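Please read the structure below before turning to the comments.
The values are calculated or read from the model by the stated rules, or taken from the named source; none is laboratory data. Note that the structure is predicted; figures quoted are calculated from it, not measured. Note: ideal-geometry Cβ built from the backbone for every residue, glycine included; neighbour counts use all protein chains shown.
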Amino acid sequence: MSLNTFYKIEKDKIICQLCQHYCKLKNNQIGICGVNKNINNKLENLVYGKISAINIDPIEKKPLYHFLPSSKSLSIGTVGCNFKCPFCQNWQISQSSNIDNSTQITPKEVVDISLKYGCKSISYTYNEPTIFYPFAKDIAIIAKKAGLKNIFVSNGLETKEIIEDMQGIIDAFNIDIKSFYAKYYKTDLKGNLNGVLDTLKLIKSKNFWLECTTLVIPEENDSYKQIKEIGDFISKELGKDTPWHLSAFYPNYKKQNKQTTPFRTLLIAYNIAKESQLENVYLGNVAFTNITYCPNCKSELIKRDGYNILKNIIKDNKCPKCNNKIAGIWR
């Protein structure tokens, strides 16, 4: 399925299909994200070409550990979001609908910048990229023709229609699993846990590369029960080889008084994840040597210090010791 309009018409309204809120918009009404508007019964993406953040990052910062390691990714974002996370680290742009109309960048210019600085991919990140998918899609199509990969760093509330449209365009995802409590998603984040889980399963079934991230927040999602439930879901529904990044929380936005995640809490979460038989578990936002091991012979394959790769002996997508295929996109 190829979407050209990203909406459908229902009587005197249009229904936005960019995320699972499926906002029903009257003429001149703007969706929950703050950046998609019904203008004369057409969906207008108000942030098209309006980048609020652009940086060249190591791919490991996304974080993606099994996707083109050591490469650079051009990261871009706009403003707006379809979630209201009180701990958002990019809240200045994600929780804003203040669009800077003084600047404009074309999809081709974004790709040209990527090529100029030797990037291997473009990451749509910082704020929720599904809300600017019309712009991201146009960039991604040109990027693919230029030999670049495309990455979505997302909260996972994409619609089935958009995920299907992404096939052949988007290559990889890092999706947040912020909690395993539906009520928390609804009341604190203004999201939908079951919708996110459905997206994750759909992404996996469509053979996109997928990694997951959980920001471990003290007294909110750091219990044995929650970590184990998330780990079991990833293991059973997405596959034991799906990488899971457990990241430390730092006080931010509306959570200034919340304590930083203790390192011991992350280590406990790591061990719980291993109870779920997950093969690739990593710790983020802390000083830690993250190692990728061969799940078959347990050889040390990739060793990382922060975002720096100290060693990578994977050859032809396989462990050089036992010839076991290692899950990932390695080149």
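Just a few scattered comments:
- A single entry from K255, K321, K303, K298 fulfils the requirement of being surrounded by 13 or more Cβ atoms within 10 Å (Cβ to Cβ), in a loop (DSSP other than H, G, I, E, B) and not assigned by TED's automatic domain parsing to the domain that holds N90: K321.
- Qualifying residue in the stretch 265-274 (condition: outside any helix (DSSP H, G or I) and at negative phi): no
- Here V286 clears all of (1) touching a residue at least 24 places away in the same chain (Cβ under 8 Å); (2) in a strand (DSSP E or B) except the condition numbered (2).
- Going through (1) farther than 29 Å from I141 by Cα; (2) within 17 Å of the chain's Cα centre (by Cα) one by one, K254 falls short only on (2).
- Verdict on Y126 being of a type in the set (F, W, Y) and at positive phi: yes
- Out of G231, G195, G239, sole residue that is within 28 Å of T5 (Cβ to Cβ) and among the small types (G, A, S): G195
- The set of residues in the stretch 47-99 being surrounded by fewer than 20 Cβ atoms within 10 Å (Cβ to Cβ), over 20 Å from Y133 (Cβ atoms) and either among the hydroxyl-bearing types (S, T, Y) or at pLDDT below 95 (or both) consists of S70, S71, Q89, N98.
- Of all residues in the stretch 26-46, exactly one satisfies the criterion of being buried (at least 21 other Cβ atoms within 10 Å of the Cβ), hydrophobic (A, V, I, L, M, F, W, C) and outside any loop (DSSP other than H, G, I, E, B), namely L43.
- If you filter the stretch 1-24 down to residues that are crowded, with 20+ Cβ neighbours inside 10 Å, of a type outside the set (F, W, Y) and not in a loop (DSSP other than H, G, I, E, B), you find that the one that is nearest to the chain's Cα centre (by Cα) is C19.
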